[in-house]
């Protein structure tokens, strides 16, 4: 069977402008959540988020590009740039045709939508910028990445709310495994921190006003973040033949649907996805040393996720580590699984388990080793990354050390 | 208030009793959130309610009577 190597990684999020900065912040348990700053924030009841402050598009893109690139596209392009530089691949000829892009996003160009609704509804103007449609479409990031690096193979965008990037990366992995492509640029991006984005989320009453405290008994909701992470997935022999540095191996993937409720998570849907990913990786349950949890910090997710992990792993659930890095970088919705994959790579490569910060009180319904507040050194050979979306769509990836 | 909750419960308003809980009425978590939205819109108030910890919210949703009392307080606070 064709195996999948990760040969490049890139990111921008509230913890860092690149992978080394982000991993350092994760090791140190740094908080990326702060007061939100954007127009009309005073009309919101939720005013915190993991926003990338002091981000200036003009530092990275020219005027023509900014006219076409929503914030989520900009984040994807910056992340892809870092990942592809690390991978050191040039895409021309046959390789270009056998290389594609699959990126996840939940909302696509939400800032563009928000700004232009404001223009026509609030300001009463009858004209918007001509590029609104190509700027806000959820596949814009995928398309611009393919254009910039000449990736001419299978490419599309995936939108499954909070599981978008895990579904995207799973699909990318399956395409290489199936022989449809040799290189896939994949991950996810989200930029929903704007008035309309947060206003919509406020309505569900699941957001915290003060902090994200996954697995802690006093948790009171999720905190949103923004950003992207993009990876280069490459067929193992292709990577080895050119002597590429392999960061980790993507070994397994599974996805399930709860087929139950549009917002409430289900233990069995999550458990089937977790067990499926381990099975697909061809390893034993006891081989899993670390799980990067979905861990949103809502009452419902965290207890359901812990119950699912306990059900799948039995006694081994008490031996493995499970942490949620969302307390640091926020819930990046359609980009969150991609940013969280960085913590999985850090665990495998550097032997450092990112902590669950903000942890204050044990919850008997989340009685697992959640690596509270401080990173831990540990040698793990296989890890999982969980993502369970609104709509009951679940996607779990399994990773192993580079061979 | 009774009309809002009765609509969520898909019942006639006359069937609602003040001691009914939301469970009795078959109103689930999404129904609670939708009811609160309707209450806020109807009475022009802001209801402090976090679905993560309904028991600990300042807004008591333990029964129809409790919700009515809480809304009356919020309306009084707004006028004050």
Looking at the range B:24-53, which of the residues that are loosely packed, with under 14 Cβ neighbours inside 10 Å and more than 12 Å from chain A (Cβ to nearest Cβ) is farthest from residue A:209 (Cα to Cα)?
-> B:24
Name the residues in the range A:18-54 that are without any contact (Cβ under 8 Å) to a residue 24 or more places away in the chain and either out of contact with any strand residue (DSSP E or B) (no Cβ under 8 Å at 6 or more places or on another chain) or buried (at least 19 other Cβ atoms within 10 Å of the Cβ) (or both), would you?
-> A:20, A:21, A:37, A:42, A:54
Does residue A:269 satisfy being free of Cβ contacts under 8 Å to residues at least 24 places away in the same chain and over 30 Å from residue B:38 (Cβ atoms)?
-> no
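For residue A:274, indicate whether it is within 18 Å of residue A:168 (Cα to Cα) and in contact (Cβ under 8 Å) with a residue 24 or more places away in the chain.
Against the criterion (within 18 Å of residue A:168 (Cα to Cα) and in contact (Cβ under 8 Å) with a residue 24 or more places away in the chain), residue A:274 qualifies.
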Name the pairs: first residue in the range A:297-323 and not assigned by TED's automatic domain parsing to the domain that holds residue A:219 and at pLDDT below 95, second residue outside any loop (DSSP other than H, G, I, E, B) and surrounded by 18 or more Cβ atoms within 10 Å (Cβ to Cβ), Cβ to Cβ under 8 Å, at least 6 apart or on different chains?
-> none
Look through A:162, A:212 and report the one residue that is closer than 29 Å to residue A:34 by Cβ, touching a helix residue (DSSP H, G or I) at 6+ places or on another chain (Cβ under 8 Å) and within 14 Å of chain B (Cβ to nearest Cβ).
-> A:212
Residues being in a helix (DSSP H, G or I), under 30 Å from residue A:399 (Cβ atoms) and without any contact (Cβ under 8 Å) to a residue 40 or more places away in the chain - total across the range A:121-142 | 0
Only one of (1) within 22 Å of the chain's Cα centre (by Cα); (2) surrounded by 17 or more Cβ atoms within 10 Å (Cβ to Cβ) fails for residue A:57. Which number is that?
-> (2)
Might you check whether a residue that is in contact (Cβ under 8 Å) with a residue 24 or more places away in the chain and more than 21 Å from residue A:173 (Cβ to Cβ) occurs anywhere in the range A:97-106?
-> no
Looking only at the range A:239-267, which residues are out of contact with any helix residue (DSSP H, G or I) (no Cβ under 8 Å at 6 or more places or on another chain) and at negative phi?
-> A:239, A:240, A:241, A:242, A:261
Select from the range A:185-216 the residues that are assigned to a loop (DSSP other than H, G, I, E, B) and under 30 Å from residue A:102 (Cβ atoms) and list them in ascending order.
-> A:191, A:192, A:193, A:194, A:204, A:206, A:212, A:214
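Would you mind finding the one in A:219, A:152 that is buried (at least 21 other Cβ atoms within 10 Å of the Cβ) and either within 14 Å of chain B (Cβ to nearest Cβ) or not in a helix (DSSP H, G or I) (or both)?
A:219
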Could you list all residues from the range A:85-110 that are in a helix (DSSP H, G or I) and surrounded by 24 or more Cβ atoms within 10 Å (Cβ to Cβ)?
-> A:87, A:110
Within the range B:54-67, the count of residues that are surrounded by 15 or more Cβ atoms within 10 Å (Cβ to Cβ) and either more than 30 Å from residue A:216 (Cα to Cα) or within 14 Å of chain A (Cβ to nearest Cβ) (or both) comes to 5
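The values are calculated or read from the model by the stated rules, or taken from the named source; none is laboratory data. From a predicted model like this one, the values you see are computed outputs, not experimental measurements. Here Cβ is always computed from backbone atoms with ideal geometry, including for glycine, and neighbour counts include all displayed protein chains.
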